[in-house]
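Heads up, the thing below is written out as structure tokens.
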Amino acid sequence: MSKSVSVSLRKRVKYRAEARYEYCLLPERVSYYSFHVEHIRSIKNGGTDQFDNLAYCCPDCNYFKGSNVATFAEDDETLVRFFDPRKDLWEDHFHLKNGVITGKTAIGTATEQIFRFNEVDRLIFRQQLIGLNLYPFS
């Protein structure tokens, strides 16, 4: 995260996200780890520190995404961009069943795979939260 993103801008990003992570939808209040404000389009790839290019992100999603903005589809020829919480609706690109997040579109599938939504520890935690009615769409 760029040091040029002010505290007030970080608070605006959190408020807009309703204090949940915008990729995996994990509510901040149940996370042991502190939030990240990350660049949807990385600085390395021409992104800016502007409000519309920032997302509220859990450390896992941010780590796996890195500065990437896309990945190759299964055909190894087609470049597919990641889910963009400023342009896309989560429900249009992902499906949640029994705690497993799967892509409904190429964008959803690319994001799911690179962000590793369904790693065992993340999946178990999400299933526990669903059982406690602490996870969106449960």
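The values are calculated or read from the model by the stated rules, or taken from the named source; none is laboratory data. What you are looking at is a predicted structure, and each value in this text was computed from that prediction instead of being measured. Cβ: placed from backbone, ideal geometry, glycine included. Neighbour counts: every protein chain shown.
Checking 100, 80 one by one, the residue that is modelled with pLDDT of 95 or more, farther than 19 Å from residue 134 by Cβ and either of a type outside the set (Gly, Ala, Ser) or in contact with a helix residue (DSSP H, G or I) (Cβ under 7 Å, 6 or more places away or on another chain) (or both) is 80 and no other. Kindly list the number of the only condition in (1) within 18 Å of residue 108 (Cα to Cα); (2) out of contact with any Gly (no Cβ under 8 Å at 6 or more places or on another chain); (3) surrounded by 12 or more Cβ atoms within 10 Å (Cβ to Cβ) that fails for residue 30. Against the list (1) within 18 Å of residue 108 (Cα to Cα); (2) out of contact with any Gly (no Cβ under 8 Å at 6 or more places or on another chain); (3) surrounded by 12 or more Cβ atoms within 10 Å (Cβ to Cβ), residue 30 comes up short only on (1).
Take the conditions under 13 Å from the mean Cα position of the chain (by Cα) and surrounded by 15 or more Cβ atoms within 10 Å (Cβ to Cβ) and apply them to residue 130. Does it pass? Spell out the reasoning first.
Details: under 13 Å from the mean Cα position of the chain (by Cα): no; surrounded by 15 or more Cβ atoms within 10 Å (Cβ to Cβ): yes.
Taking the combined requirement at face value, the residue does not satisfy it.
Among the candidates 63, 15, 33, 56, the residue that is in a strand (DSSP E or B) and either free of Cβ contacts under 8 Å to residues at least 12 places away in the same chain or within 19 Å of residue 122 (Cα to Cα) (or both) is uniquely 56.
Within the stretch 67-80, the presence of a residue that is in contact (Cβ under 8 Å) with a residue 12 or more places away in the chain, assigned to a loop (DSSP other than H, G, I, E, B), crowded, with 17+ Cβ neighbours inside 10 Å and under 11 Å from the mean Cα position of the chain (by Cα) is excluded.
Yes/no matrix, rows are residues, columns are (1) modelled with pLDDT of 95 or more; (2) in a helix (DSSP H, G or I); (3) within 19 Å of residue 62 (Cβ to Cβ); (4) of a type in the set (Lys, Arg):
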{"site": "88", "(1), (2), (3), (4)": "yes, no, yes, no"}
{"site": "107", "(1), (2), (3), (4)": "yes, yes, yes, no"}
{"site": "112", "(1), (2), (3), (4)": "yes, yes, yes, no"}
{"site": "117", "(1), (2), (3), (4)": "yes, no, yes, no"}
{"site": "121", "(1), (2), (3), (4)": "yes, yes, yes, no"}
{"site": "124", "(1), (2), (3), (4)": "yes, yes, no, no"}
{"site": "127", "(1), (2), (3), (4)": "yes, yes, no, no"}
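Among the criteria (1) in a loop (DSSP other than H, G, I, E, B); (2) closer than 19 Å to residue 134 by Cα; (3) among the hydrophobic types (A, V, I, L, M, F, W, C), the one residue 5 does not fulfil is (2). Can you spot a residue in the stretch 66-73 that is farther than 23 Å from residue 43 by Cα and not small (Gly, Ala, Ser)? No, every residue in the stretch 66-73 fails to be farther than 23 Å from residue 43 by Cα and not small (Gly, Ala, Ser). Is it the case, given these coordinates, that residue 114 is of a type in the set (Val, Ile, Thr), surrounded by 14 or more Cβ atoms within 10 Å (Cβ to Cβ) and in contact with a Gly (Cβ under 7 Å, 6 or more places away or on another chain)? The answer is no for residue 114.
Does the stretch 9-27 hold any residues that are within 19 Å of residue 86 (Cβ to Cβ), surrounded by fewer than 17 Cβ atoms within 10 Å (Cβ to Cβ) and at pLDDT 90 or above, and which are they? Selection gives 9, 10, 11, 12, 14, 15, 16, 18.
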